[in-house]
Amino acid sequence: KPVYTVSVKATRNNTIVTFARPGGNQLVTLTGGKLGFKKSNRNGYEAGYQCAVGIIAAMEAEMQRTDFEWQLFLKGFGQGRDAMLTAITTAVGVKVKGRLQRVTDRTPLKIGGTRGQKTRR
């Protein structure tokens with residue numbers, strides 16, 4: 001079976017969720033802004049949840065065409081990360097949850113390195 005990927009980038013300002021084929025070709029990309037959330041609402045839990053629901057709907061549509069398994073990649077510490085995991089475990093993600101192969105955290109952690117930027121006040 002081909003292994004599709006779902007990537008979630010949850011930043012402080014937005015949530016970006018991408019559904020891609022095994023070769024890396026993107027099928028659907030949803031963000032908080034694309035779904036009509038403005039300014040600071042883009043990084044909220046609800047925006048992340050709506051992105052997750054949209055991606056799950058796209059996955060179900062793709063299941064009609066082909067049989068596949070998928071992996072979930074999480075990046076960042078925004079609220080969209082929790083929203084995606086919640087959407088999969090609730091009734092919305094019942095059809096796709098069984099095909100989930102692996103959940104990977106790709107959040108870059110800074111260890112040592114150069115001095116960071118001055119914090120914003």
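Some observations on this one:
- Whenever a residue of region 104-121 is free of Cβ contacts under 8 Å to residues at least 40 places away in the same chain and surrounded by 10 or more Cβ atoms within 10 Å (Cβ to Cβ), its partners that are in a loop (DSSP other than H, G, I, E, B) and not small (Gly, Ala, Ser), lying with C-beta atoms within less than 9 angstrom and at least six residues away or across chains, give the pairs THR107/PHE77.
- The residue of region 16-37 that is most open to solvent (accessible area, probe 1.4 Å), among those that are closer than 20 Å to ARG81 by Cα, assigned to a loop (DSSP other than H, G, I, E, B) and among the small types (Gly, Ala, Ser), is GLY36.
- Of the residues in region 83-99, not one is out of contact with any helix residue (DSSP H, G or I) (no Cβ under 8 Å at 6 or more places or on another chain), open to solvent by 50 Å² or more (accessible area, probe 1.4 Å) and in a strand (DSSP E or B).
- Applying the set (1) open to solvent by less than 30 Å² (accessible area, probe 1.4 Å); (2) closer than 14 Å to VAL6 by Cα; (3) aliphatic (A, V, I, L, M) to ALA47 leaves exactly one unmet item: (2).
- Contacts under 6 angstrom Cβ, first residue in region 68-80 being among the basic types (Lys, Arg), partner open to solvent by 10 Å² or more (accessible area, probe 1.4 Å), 6 or more apart: LYS75/LYS9; LYS75/ARG106; LYS75/THR107
- ARG12 fulfils the conditions (1) touching a helix residue (DSSP H, G or I) at 6+ places or on another chain (Cβ under 9 Å); (2) part of a loop (DSSP other than H, G, I, E, B); (3) open to solvent by less than 90 Å² (accessible area, probe 1.4 Å) except for a single criterion, (3).
The values are calculated or read from the model by the stated rules, or taken from the named source; none is laboratory data. Computed from a predicted structure; not experimentally measured. We place every Cβ from the backbone using ideal geometry, glycine too, and count neighbours over all the protein chains shown. For the accessible areas, the whole protein counts, side chains as well, though only heavy atoms, and no ligand, DNA or RNA atoms are used. Shrake-Rupley method; radii C 1.70, N 1.55, O 1.52, S 1.80 Å.
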